[in-house]
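Take a look at the structure set out below.
Any read-out appearing in this document is the output of simple, stated calculations on the displayed coordinates, not a laboratory observation. What you see is a predicted model; the values in this text were computed from it and never measured. Cβ: placed from backbone, ideal geometry, glycine included. Neighbour counts: every protein chain shown.
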Amino acid sequence: MDVLAALGRVVLGFAAATGRLGLFTGHALSHVFRPPYFLGQVAQQMVSIGYFSLPVVGLTALFTGMALALQIFEGSSRFNAEGTVAFVVAIGMTRELAPVLGGLMVAGRVGAAMAAEIGTMRVTDQIDALMTLSTNPFKYLITPRLVAGVTMVPFLVAVGDAIGIFGGYTISVQLLDFNSSTYIRNTFDILENIDIIAGLVKAAVFGFIVTLMGCYHGYHSQGGAQGVGAATTNAVVSASILILTSNLVVTQLFFSR
Amino acid sequence: MSTTAKISLQGVAKRFGKKVVLDGIDLDVRPAESLVIIGGSGTGKSVTLKCVLGLLRPDAGRIMVDGDDVVAMSGSNHERVMRKFGMLFQGAALFDSLPVWHNVAFGLINGRGLARAEARAVAVTKLGQVGLGPEVADLRPAELSGGMLKRVALARAIAADPEIIFFDEPTTGLDPIMADVINNLIVDCVRRLGATALSITHDIASVRKIADRVAMIYQGKIIWCGAVADLDHSGNPYVDQFIHGRAEGPIQMQVLKP
């Protein structure tokens, strides 16, 4: 019976957490369509997410594109298919690697920072202070971050696509003796709009997940420094798991036949 | 003085899980009076304040502000009532990311739509009223001492000329002299605005300075309420023990003996 009771507690706890997250998400999204809007906050978050994440996403994409080119060259040479390097790098980066790795890097940088900032505001009564100053914390803190996440992560991934493909090109041309113009032509020949669009849609979904998890865990943090630390960890872990899960779902939606 | 209560709590109850924090609080605060709630740690003082402010929803009871039941309110009606309030938080709760002037003017800019330049001028005036010069306006909260933080928080609480001001442990963590400075500022600000003040504190010196009336909360109920002049001869053993800070008496603290 103890085992059943423990199992029941876990299931009830999960259901309650899912319900809380659903209500939080609905509440946050409802403010997207209800003025007043804090456009200054939206702009500030867009800069924080989009501009300040460029180095980490760019470097990730660059080295991933380079390593991918080397791996594909080595692997494809086993059956004399070295010419596929440009194709695989282009499709691999746009469809999968730039969105997923970019999303994970943003989760580590932005999601953690959001959870820590909002969590600290929660445990130091700053969120309560917002309410006493006639300012809805969802409008001021949460919705601007969600809007910025959904719009700026696709921008980061678009930049990551270009940098990753450039990384593959650099390795292929400089190290593997590919012809520069042939490599570029092959890349543009293989890429279709759907490859880029699917990656950008994934990025928007990941941006939403990262900011939602950062805001949700920060908003509900309690218990001082330890609580803020736990909120930060939970934000990154839950965002990472949801990114990997939703990646499969979106891939299935776009490319299943 | 009008006899109609500015704030009226009627049978307010609140529990967290199995722990009953408020067990039917009945309390009236009259217009333009300063009422201080005293009581030990964990007796529900802050929860009472948060229920009035709408930060917590009571499980039972009514909270009337100017005759309107704020518990049942939501949305724009609740925001309208919130505009009557100013609040000084125990830890100041200033926004780290904003300079001092913007902290003070925050409610004016975001809640009332005042232009930034105009709001800044009001903020500098309010900072002056709490004894801080204009040079403080552009500092960040992290650059201020504890006493300055409380003064900025007080300036923020009075920035919009509220009808009702709440003070949550206004002198906690300050040295006795700075605590007295803050008490004087509270009295000055409340009198100048003609505001109704509801404070919670453990600091009996602060109580004697800022209160017109005092209410003591114990085990989730108001066990005594009277004029501050009657505090020393309340005839209530709980109040006597608390104001004299004695370990012996009807209030028993759970401590582990060595």
- [ ] Output the peptides A:164-171, B:61-68, A:99-106, B:7-14 sorted from most to least packed, where packing is the average of other Cβ atoms within 10 Å over each peptide's residues.
- [x] A:99-106, A:164-171, B:7-14, B:61-68
- [ ] Specify the residue with the greatest mean-square fluctuation among B:Glu79, B:Glu169, B:Glu135, computed from a Gaussian network of chain B linking alpha-carbon atoms under 10 Å apart.
- [x] B:Glu135
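For A:Thr18 and A:Gln226, FRET efficiency with R0 = 22 Å and r from the beta-carbon atoms, rounded to 0.05?
0.35
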TODO: Could you pull the Cα extents of chain A along its three principal axes, largest to smallest, in whole Å?
DONE: 66, 54, 35
Open item on the list: Inside 10 Å of the C-beta atoms of A:133-140, what's the mean count of C-beta atoms belonging to other chains?
Closed with: 6
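Given axes a ≥ b ≥ c from the Cα gyration tensor, I'd like to know whether segment A:1-75 is rounded (a/c under 1.5), prolate (a/b larger than b/c) or oblate. Could you put the intermediate results ahead of the total?
Values: a/c = 4.17, a/b = 1.26, b/c = 3.32.
Cα axes put segment A:1-75 in the oblate bin.
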Task: Cα lying deepest toward the dipole's positive end in segment A:37-255, options A:Gly199, A:Phe138, A:Ala148, charges on Cβ - done: A:Phe138
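How shielded is B:45-53 by partner chains, expressed as the average number of their Cβ atoms within 10 Å of its Cβ atoms? If you can, show how the numbers build up before the last one.
Values: counts 0, 1, 0, 0, 0, 2, 0, 0, 3.
That works out to 1 on average.
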Open item on the list: Need the list of aspartates and glutamates near B:Lys14 for cross-linking: C-alpha distance under 14 angstrom, and skip anything on the same chain fewer than eight residues off.
Closed with: B:Asp23, B:Asp26, B:Asp59
TODO: Would you mind computing, in nm to one decimal, how far apart the modelled labels at A:Tyr51 and A:Ala6 are, each placed 7 Å from Cα along Cα→Cβ?
DONE: 5.2
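Taking the Cα centre of segment B:94-161 as origin, work out the dipole magnitude from +1 charges on Lys and Arg Cβ and -1 charges on Asp and Glu Cβ, in debye rounded to 20.
Values: 8 positive and 6 negative charges, 30 e Å.
About 140 debye.
From the convex hull of the Cα coordinates of segment A:81-193, what is the mean projected area in square nanometres? Each step should come with its number before you reach the end.
Numbers: hull surface 35.8 nm².
So the mean shadow area of the Cα hull is 8.9 nm².
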Task: Where the Cα pairs of segment B:94-161 fall when distances are cut into 10 Å bins, in % - done: 26, 61, 14, 0
Open item on the list: Among the complete DSSP H segments of chain A, which ones combine at least 30 Å of alpha-carbon extent along their axis with a mean Kyte-Doolittle hydropathy of 0.5 or more?
Closed with: A:2-30, A:54-76, A:143-174, A:193-219, A:224-255
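Answer rounded, prolate or oblate for chain B, using the Cα gyration tensor with square roots of eigenvalues a ≥ b ≥ c: rounded when a/c is under 1.5, else prolate when a/b is larger than b/c, else oblate.
Details: a/c = 1.78, a/b = 1.38, b/c = 1.29.
In terms of gyration-tensor shape, prolate.
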- [ ] Excluding A:Tyr216 itself, calculate the net charge of residues whose Cβ lies under 14 Å from the Cβ of A:Tyr216, where each Lys or Arg counts +1 and each Asp or Glu counts -1.
- [x] +2
Task: Choice from B:Asn184, B:Asn236, B:Asn103 showing the highest fluctuation, given a GNM over chain B with Cα pairs closer than 10 Å - done: B:Asn236
TODO: Under a 10 Å cutoff between Cα atoms, tell me which one of A:Leu21, A:Leu244, A:Leu175 has the largest fluctuation in the Gaussian network model of chain A.
DONE: A:Leu175
TODO: Jot down the radius of gyration and Dmax of segment B:145-258, Cα atoms only, both in angstrom.
DONE: 15.7, 52
Open item on the list: To make sure I understand, if each residue's beta carbon is the centre and we count other beta carbons within 10 Å, what order do B:His244, B:His202 fall in, fewest to most?
Closed with: B:His244, B:His202
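Determine the dipole magnitude for the protein assembly as shown: charges of +1 sit on the beta-carbon of Lys and Arg, -1 on that of Asp and Glu, nothing else is charged, the reference point is the Cα centre, and the result goes in debye to the nearest 20.
The dipole of the protein assembly as shown has a size of about 660 debye.
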Task: For residues of B:86-96, the mean tally of beta carbons on other chains within 10 Å - done: 5
Open item on the list: Once you order the gyration tensor axes a ≥ b ≥ c over the Cα atoms, which shape class does the protein assembly as shown get: rounded for a/c under 1.5, otherwise prolate or oblate by comparing a/b with b/c?
Closed with: prolate
Task: B:Ala205 versus A:Leu29: modelled label distance in nm, points set 7 Å from Cα along the beta carbon direction - done: 5.6
Open item on the list: Going by average Cβ density within 10 Å per residue, which order do the peptides A:43-54, A:230-241 take, highest to lowest?
Closed with: A:230-241, A:43-54
